[in-house]
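The values are calculated or read from the model by the stated rules, or taken from the named source; none is laboratory data. Predicted model, so just to flag it, every value in this text is computed and none were measured. Heads up, the Cβs are rebuilt from the backbone with ideal geometry, glycines too, and the neighbour counts pull from every protein chain shown.
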Amino acid sequence: MTSGEPGTEGSAPGAARDPGAAPTAEPVAWSALRAEVAACTRCPLHRSRTQPVFYRGGLRPHLVVVGEAPGAQEDRLGRPFVGRAGRRLDAALATVGLDEAEVGLLNVLKCRPPGNRFDPAAARSCRTHLDRQLAWLDPPRLVTVGARALAALDPEAPPILRCAGRPRTALGRPLFPLIHPAAVRSHALARRWADDVDALGAWLGRRGAGPREAL
Ligand code: URA
C-alpha cells in the first residue's frame, strides 16, 4: 500500500460498494467533516500542531485501521501513517494483499500531541470526530494499532500483548488488534508482528501477496 491521495468515490455512506465506480469529487458530508476537524479547537492540541491529520485511503474501505496519534511526519504532511511506523504498516497491509483503495487509515487523535505523548483528555474531546468518521465510512472491519487505539475502541480489552493477533468485536464490528508498528524494536516483537500480520491475512481470507521478509 502506498500513500496516495484519499480515494474519492462519491457514493453516499451505506450505498452498495462498487469497486469499478469512477472517482468523483469528495462527498460533501465527508468534506464537511474534514473542515470541522480542521477548525476544531475543542482541546489544546490545536495550538501546537502544524495541521490536523484527518484520513488517508479509499472512501468505501473494506477495512479501517485506527492508530493512536499523528507523529512528526504526519503533522508535517497532514496524512496519517506516513513516517517509519506507517511504512511498516503499509508493508504489512501489502503483504496480506490489501490495496490502497480497500483500506482507510485514521487516528484516535487528529492532532499531534507535543512530544508524541498520547493525551487521554484530548482523546475524549476528539472522540466525536472518530465516531463520525467511522459512522460515515461504515467499514465492515476494523484494525487497531497500539494499546491506546485498542482501548479507545474496546475499553474492556485485555492488555495488548495478550490480545494482539486475535479477532474481537468492538463497536458492533469485527476488530483485529495489532501491536503498534513503532513498538517493533526487538527480534521477539518483529516475530510477533509477522505472526500477527499472518493471522490478519487469515482473518481477512487473503492468501497474502508478499513474503514475510518484507515485514
Ligand atoms: N502512529 C500512529 O498511531 N499514527 C500515525 O498516524 C503515525 C504513527
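For beta carbons closer than 9 Å, sequence separation of 6+ or different chains, a first residue in the range 107-122 that is touching a residue at least 60 places away in the same chain (Cβ under 8 Å) and of a type in the set (A, V, I, L, M) and a second that is part of a helix (DSSP H, G or I) and near the ligand (Cβ under 9 Å from one of its atoms), the qualifying pairs are 109/148. Elements of the type helices (runs of 4 or more DSSP H) sitting completely within the range 6-116 and holding at least 3 residues that are within 16 Å of the ligand (Cβ to nearest atom) and at pLDDT 95 or above: these cover 72-77, 84-95. Within the range 161-208, the set of residues being assigned to a helix (DSSP H, G or I), under 19 Å from residue 106 (Cα atoms) and within 16 Å of the ligand (Cβ to nearest atom) comprises 181, 182, 183. The residues of the range 151-160 that are assigned to a helix (DSSP H, G or I) and either over 24 Å from residue 191 (Cβ atoms) or within 12 Å of the ligand (Cβ to nearest atom) (or both), listed by number, are 151, 152, 153.
Might you check whether a residue that is within 24 Å of residue 171 (Cα to Cα) and over 14 Å from the mean Cα position of the chain (by Cα) occurs anywhere in the range 82-95? No, the range 82-95 has no match at all.
Does the range 61-76 contain at least one residue that is free of Cβ contacts under 8 Å to residues at least 40 places away in the same chain, touching a Leu at 6+ places or on another chain (Cβ under 9 Å) and within 15 Å of residue 112 (Cα to Cα)? No, the conditions are met nowhere in the range 61-76. For the range 110-125, does any single residue satisfy the condition of being more than 30 Å from residue 47 (Cα to Cα) and in contact with a Pro (Cβ under 7 Å, 6 or more places away or on another chain)? Taking every residue of the range 110-125 in turn, none turns out to be more than 30 Å from residue 47 (Cα to Cα) and in contact with a Pro (Cβ under 7 Å, 6 or more places away or on another chain). Of all the residues in the range 52-92, those that are farther than 24 Å from residue 33 by Cα and surrounded by fewer than 23 Cβ atoms within 10 Å (Cβ to Cβ) number 7.
Taking the range 129-149 as the range and being within 11 Å of the ligand (Cβ to nearest atom) and surrounded by fewer than 23 Cβ atoms within 10 Å (Cβ to Cβ) as the test, the residues that pass are 147, 148. Apart from one condition, residue 148 fits all of (1) of a type outside the set (A, V, I, L, M, F, W, C); (2) part of a helix (DSSP H, G or I); (3) modelled with pLDDT under 95; the exception is (3). Of everything listed in (1) part of a helix (DSSP H, G or I); (2) within 16 Å of the ligand (Cβ to nearest atom); (3) within 24 Å of residue 197 (Cβ to Cβ), the single unmet condition for residue 122 is (3). Candidates 189, 142, 171, 204: the one that is modelled with pLDDT of 95 or more, at positive phi and of a type in the set (A, V, I, L, M, F, W, C) is 171. Cβ separations smaller than 8 Å between residues 6+ apart or across chains give the following pairs from the range 81-95 residues that are at negative phi and in contact (Cβ under 8 Å) with a residue 24 or more places away in the chain to residues that are among the aromatic types (Phe, Trp, Tyr) and in a helix (DSSP H, G or I): 88/193; 92/193.
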